[in-house]
Amino acid sequence: MLSNDLTSLITRIDFALISSIHIIFPPLTIGLAALLFISELMWVRKQDEQWYRLCRFFEKLFIVNFGAGVATGVTMEMAFGILYGRFSQAAGPFFGQVLGYETITAFMYEAGFIGLMIFGWGKISKGMHLFATFNVALSSTLSAMWILVANSWMQTPTGVELHNGIFIVTDWLAALFNPNARSAFPHMLLASFELSLCFVVATCAWYVFKQRHVDLFLKPLKYSLMALAVVAAVQIYMGDVLGEATLEHKPAALAAMEGHYDTYDSAGNVNSAWHILGWPNKEGTGLAWSIDIPHGLSLIETKTWNGTVTGLNSFPKDQQPPVVLPFYAFRAMSGAAGAMLLVSLWGVWLIARRRMTTELAPRNKLFLALAVIMVILPYIAVIAGWWTREIGRQPWIVYGLMRTEDGMSPMTLGLAIFWLVGFAIFETAVVAGTIWFLAKVVRMGPDLTSKIPGEGHEHLGHLEMPASGHADHPEYIRPV
């Protein structure tokens, strides 16, 4: 029994590692693709060379991140079959179909246009290249939509019935448009834009701080700061909407992330305090200590002074999620979101005070340093939000229908350790390689000397035959 428990724990840690690393790459792909489209649109409309240079520079960073996302995404799909084979078989009628939709309408769609976007400069017209970039951005968003639909169905499984260990879809519309997906997808889409804007802000702030290409990077820095202030504010609101949906459909998960054990206090009054910090007692029946805001939980979740929020002790012990990780992950996500909003508002204030000009911007050393460091915050928020979401669903892999241990593949302890070590080595290599290549691109800086592409008149090359008129291997001559 002890061996089975340890095997289960290792399997959980393994998948948590794989999914936590993969989740940091798609948001940047989604948001940065949209920003590339906007910068290319500005170039096409205004014929401003700076927008073209910026587009080509950030495109290199996009390619590095995109490759890492594909590599870790393939690994995660493998992990479903290897680590959670029983779940994959049971959920196949729905999960397999949705991933198939994602492959056809997003992955293959994106694969076709990304080739044109990367290699089509000067080979196709400006308008067609802009169209390709738009479709890369659109297909990335569609990919996120399908993945969030699948994951949200695990959170709020509707439109299915469990027959003989297999989930049979009875209502496709109900399954696809499940309650959690309606708020989770907008929340994740905003997180993608937020992360991408922070990434652009940090990159541009670094160049301004180093006084390299200040005139080139100051423009996107100011635009990104203003956009980030709006997106960060809307994201906080959307997070509140998602919290209300969690209260309605997954009350145990909400109770865990708020450290809320008792619906009523010892006097029979509504327990409405919001715990800023706290730690569970040894029995796991309440908090040993906490720092509270009276009525805070009711105001946040029910928008009333003494609204009732169901406590964790109202649920059977074997159906209660862990508390410590979702409790502090939620606070890490919220803290990072608030910090991003404050830094972006600081930037907007500097812009309004005309202190972000070419001459004055490099003097704002503290702000620029914080803007560079801020790039860590959206990654913390994304990972912490993912932990809050996934750990809060426990002990269910499909909420209320299939427990996590029932979805695991039968596996020995040695095999579980083997997969954990193997996946950990691969994921570490991908992360290290991604950071190295991103840093290399930033150190090299933008290309300011190459020829601006024309309207698609550059030829792709030609096959050259030898004088004899025949050859087993004709040579492909690339244009100079």
- Alpha-carbon Rg with Dmax, taken over the chain, Å: 25.3, 101
- Message: With 19 Å as the cut-off, how large is the P(r) tail for the range 1-136, expressed as percent of Cα-Cα pairs?
- Response: 60 percent
- Note on the structure: In vacuo Debye sum over C-alpha of the range 142-195, base-10 log of normalised intensity I(q)/I(0) at q = 0.28 Å⁻¹, listed in q order, is -1.05
- Note on the structure: In degrees rounded to 10, the 0-90 angle between helix 324-352 Cα long axis and the longest Cα principal axis of the chain is 40 degrees
- So how tilted is helix 26-46 from the main axis of the chain? Cα-based, degrees 0 to 90, rounded to 10. 40 degrees
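Of the peptides 298-311, 53-66, 33-46, 163-176, how do they stack up when ordered by the mean number of other Cβ atoms within 10 Å, highest first?
Numbers: 298-311: 15.9, 53-66: 21.1, 33-46: 19.4, 163-176: 13.6.
Those peptides, ordered most packed to least, come out 53-66, 33-46, 298-311, 163-176.
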- Query: How would you classify the range 271-424 from its alpha-carbon gyration tensor, with a ≥ b ≥ c the square roots of the eigenvalues: rounded for a/c under 1.5, else prolate if a/b is greater than b/c, otherwise oblate?
  - Reply: oblate
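Give me the net charge for the shell around Arg86: Cβ to Cβ below 15 angstrom, other residues only, Lys and Arg +1, Asp and Glu -1.
Numbers: positive: Arg12, Arg403; negative: Glu405, Asp406.
Result for the neighbourhood of Arg86: 0.
At 1.4 Å probe size, with every protein chain present, just tell me what the per residue accessible area of the range 114-243 comes to in Å². Intermediate results must be reported in sequence, preceding the final value.
Working: 4900 Å² over 130 residues.
Each residue of the range 114-243 exposes 38 Å² on average to a 1.4 Å probe.
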- Item | Set of lysines with alpha-carbon distance to Lys210 below 20 Å, sequence-local pairs under 8 removed | Lys219, Lys222, Lys365, Lys440
- Query: When the accessible area of the chain is computed with all protein chains present and a 1.4 Å probe, what percentage of it is carbon and sulfur?
  - Reply: 68 percent
- Could you tell me what fraction of 2.2 N^0.38 Å the Cα radius of gyration of the range 345-391 comes to, as a two-decimal ratio? 1.62
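Which whole-number percent gives the relative contact order of the chain, counting Cα pairs below 8 Å spaced six or more residues apart? Working shown, then result.
Details: 699 pairs, mean separation 103.7, N = 480.
Answer for the chain is 22 percent.
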- Suppose every K and R has +1 on its Cβ and every D and E has -1 on its Cβ; what is the size of the dipole of the chain about the Cα centre, in Debye to the nearest 20? 1720 debye
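What's the local net charge at Ala144, with K and R +1, D and E -1, over the other residues with C-beta under 13 Å away? Mind dumping the intermediate values first?
Working: positive: none; negative: Glu102, Glu110.
For residues surrounding Ala144, the net value is -2.
Kirkwood hydrodynamic radius of the range 61-186 from all distinct Cα pairs, in Å? Mind showing how you got there, number by number?
On the way: mean 1/r = 0.0621 Å⁻¹.
Hydrodynamic radius (Kirkwood, Cα only) of the range 61-186 equals 16.1 Å.
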- Item | Length-normalised contact order for the range 163-317 - Cα pairs under 8 Å, 6+ apart - percent | 18 percent
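Around Thr302, with a cut-off of 14 angstrom between Cβ atoms, what is the net charge of the other residues, counting Lys and Arg +1 and Asp and Glu -1? Intermediate values should be presented prior to the final figure.
Values: positive: Lys303; negative: Asp240, Glu244, Glu248, Glu258, Glu301.
Cβ neighbours under 14 Å give a net charge of -4.
State the three equivalent ellipsoid semi-axes of the range 335-445, derived from the C-alpha gyration tensor as the square roots of 5 times its eigenvalues, in descending order and whole Å. Please list the in-between numbers first.
Values: eigenvalues 366, 95, 12 Å².
Semi-axes, largest first: 43, 22, 8 Å.
Multiplying the sequence separation of Ala267 and Tyr101 by 0.36 nm and subtracting their Cα-Cα distance, what value in nm do you get? Please list the in-between numbers first.
Working: separation 166, 0.36 × 166 = 59.76 nm, distance 5.37 nm.
Working it through step by step, the gained length comes to 54.4 nm.
Could you work out the Kirkwood radius for the range 316-398, taking every pair of different alpha carbons, averaging 1/r and inverting it, reported in Å? Could the numbers behind the result be given before it?
On the way: mean 1/r = 0.0667 Å⁻¹.
For the range 316-398, the Kirkwood estimate is 15.0 Å.
Using square roots of five times the C-alpha gyration tensor eigenvalues, list the equivalent-ellipsoid semi-axes of the range 215-359 in whole Å, biggest first.
Numbers: eigenvalues 308, 42, 36 Å².
Output for the range 215-359: semi-axes of 39, 14, 13 Å.
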- Relative to the longest principal Cα axis of the chain, at what angle does helix 126-155 sit, 0 to 90 degrees, rounded to 10? 10 degrees
- Task: Note down the nm distance, to one decimal, between modelled labels 7 Å out along Cα→Cβ at Trp172 and at Ala16.
- Result: 3.7 nm
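Hey, can you find the accessible area per residue of the range 280-361 for me, probe 1.4 Å, expressed in square angstrom? List each step's numbers first, then the result.
Numbers: 4450 Å² over 82 residues.
Result: 54 Å² per residue.
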- Message: Can you give me the C-alpha center-to-center distance between the range 175-207 and the range 231-306, rounded to a whole angstrom?
- Response: 25 Å
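Could you rank the peptides 23-32, 392-401, 68-77 by their average count of other C-beta atoms within 10 Å per residue, with the highest value first?
Details: 23-32: 24.7, 392-401: 19.9, 68-77: 18.1.
My ranking of the peptides, most packed first, is 23-32, 392-401, 68-77.
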- Note on the structure: Mean separation of Cα contacts under 8 Å (at least 6 apart) over the residue count of the range 95-234, i.e. the relative contact order in percent, is 18 percent
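The values are calculated or read from the model by the stated rules, or taken from the named source; none is laboratory data. Everything numeric in this text was worked out from a predicted model, so none of it was measured. When we count neighbours, we look across all protein chains shown, and the Cβ atoms used for this are built from the backbone with ideal geometry, even at glycine. Side chains included, ligands, DNA and RNA excluded: accessible areas come from the protein's heavy atoms. Shrake-Rupley method; radii C 1.70, N 1.55, O 1.52, S 1.80 Å.
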